[in-house]
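K.L.:
This is the structure, below, for whatever I ask next.
The values are calculated or read from the model by the stated rules, or taken from the named source; none is laboratory data. Note that this is a predicted model, so its numbers are computed, not measured. Every residue, glycine among them, receives a Cβ derived from its backbone with ideal geometry; neighbour counts consider all protein chains shown.
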Amino acid sequence: MCLGKKRKDGKLITDGDPMNHIMPYIMRSRNESVIYYQNAIEVKPIRDYIKKRRKQGDRITMFNILMASFLNIFVLRPKLNRFIAGRRIYEHNGFEGLYVVKLDLSDQAYESIAKVTMTEDDNINTVAEKMKAQVELIRQAQEQKSDDKLISLFAKTPRWFLRFALATLRWLDFHGWMPKTLTDIIPLYSSVFLSHLGSIGGNAPFHHLYEFGTNSIFITFGKIYEKPFKGKNGEVEWREVIDLVATIDERICDGYYLIKSLSMLENFFETPELLEISPREMFKYMDSKDIAFGNRKLTISDHIKQRLGIEEIAPKQYHLIFEDEDLVDRKTED
């Protein structure tokens with residue numbers, strides 16, 4: 001591989017639509033390339049699943065479900081696990097999620113960024129354990145965390161030195177020469193940054209992307225509220241929902257791929273039991289047609305339902321405007 005193309009945190013992507021490789025030269029920054037996606041997600045399936053697991057003695061949170069869902073999407077839809085660096089497209093070597101941990105709800109409370117490293121063999125149970133371990137690490141270590149120590153050190157330096165140091169780091173990152181020790185410490189290198197503002201009573205804002213680092217997706221979730229839906233007979237039904245707002249660098253994939261991926265994400269929110277299966281297993285079930293993510297519904301074979309304790313899957317109350325075949329160019333015969 002040519003000098004300057006190889007990175008320690010990602011694999012260079014050279015195939016695909018040539019236009020995708022031109023876009024980083026046309027739109028040079030993440031926030032110049034940003035697109036926003038917003039959707040209201042019904043929380044009843046998630047709440048029912050949390051209650052079921054707690055009756056079994058397991059503490060699963062909504063945030064655990066969100067993180068595990070994104071792990072599955074990054075594995076099943078790998079283009080979402082990409083980033084732009086040095087005007088080139090790379091795919092993350094692993095699956096890492098960032099989120100802010102605030103130890104208590106006060107203005108002076110200590111807060112830090114947690115990084116959860118996941119694999120294709122993780123499921124909702126192991127993801128929950130890893131997230132809990134990160135919170136405990138922050139609670140016990142606080143100022144001793146390596147990233148917090150680094151930030152504290154730089155914050156005490158003169159402005160001219162800080163500007164020079166960050167300019168040097170940007171230059172190293174652009175050319176793919178950033179040391180792995182720094183990419184591991186600096187909390188802006190990840191697959192996704194999640195922010196659950198609903199946990200502190202906030203709404204979901206449209207967040208920016210960080211130009212520094214490799215994060216191409218920032219997801220915010222808001223507080224639970226009621227929203228009117230049109231029922232089967234035309235009556236109005238009020239259901240509890242949370243807003244999901246995604247900020248995405250559009251250079252990593254095309255719009256069709258993105259929307260299809262986010263539709264699969266909603267399937268995990270509607271049927272959280274699927275998260276008990278690791279992404280590696282999910283590939284196997286998808287190949288065998290035991291689990292199929294269709295345009296309008298999720299299809300699961302009976303023996304998988306029995307294994308996961310799924311009684312039924314409620315049909316979606318909406319449908320896509322376009323089907324796959326409507327987006328394919330057709331040749332007409334004379």
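K.L.:
Provide a single number: the residues in the stretch 169-184 that are loosely packed, with under 13 Cβ neighbours inside 10 Å and under 22 Å from residue 117 (Cβ atoms).
P.N.:
Final tally of qualifying residues: 3.
K.L.:
With respect to residue 121, is the statement that it is part of a loop (DSSP other than H, G, I, E, B), under 22 Å from residue 278 (Cβ atoms) and acidic (Asp, Glu) true?
P.N.:
Values: part of a loop (DSSP other than H, G, I, E, B): yes; under 22 Å from residue 278 (Cβ atoms): yes; acidic (Asp, Glu): yes.
For residue 121, the condition - part of a loop (DSSP other than H, G, I, E, B), under 22 Å from residue 278 (Cβ atoms) and acidic (Asp, Glu) - is met.
K.L.:
Considering 93, 81, which residue is closer than 20 Å to residue 10 by Cβ, surrounded by fewer than 14 Cβ atoms within 10 Å (Cβ to Cβ) and either of a type in the set (S, T, N, Q) or at pLDDT below 90 (or both)?
P.N.:
Numbers: 81 fails: surrounded by fewer than 14 Cβ atoms within 10 Å (Cβ to Cβ).
After ruling out the rest, the residue left standing is 93.
K.L.:
Can you tell which of 226, 240, 325, 312 is modelled with pLDDT under 90 and not in a helix (DSSP H, G or I)?
P.N.:
Numbers: 226 fails: modelled with pLDDT under 90; 240 fails: modelled with pLDDT under 90; 325 fails: not in a helix (DSSP H, G or I).
Of 226, 240, 325, 312, the one residue that is modelled with pLDDT under 90 and not in a helix (DSSP H, G or I) is 312.
K.L.:
Of the residues that sit in the stretch 185-223 and are surrounded by 15 or more Cβ atoms within 10 Å (Cβ to Cβ) and β-branched (Val, Ile, Thr), which one is nearest to the chain's Cα centre (by Cα)?
P.N.:
192
K.L.:
Select from the stretch 17-34 the residues that are surrounded by 12 or more Cβ atoms within 10 Å (Cβ to Cβ) and in contact (Cβ under 8 Å) with a residue 12 or more places away in the chain and list them in ascending order.
P.N.:
Of everything in the stretch 17-34, those that are surrounded by 12 or more Cβ atoms within 10 Å (Cβ to Cβ) and in contact (Cβ under 8 Å) with a residue 12 or more places away in the chain turn out to be 20, 21, 23, 24, 27, 28, 29, 30, 31, 33, 34.
K.L.:
While we're here: What is the residue count in the stretch 41-97 for residues that are within 21 Å of residue 267 (Cα to Cα), assigned to a strand (DSSP E or B) and β-branched (Val, Ile, Thr)?
P.N.:
1
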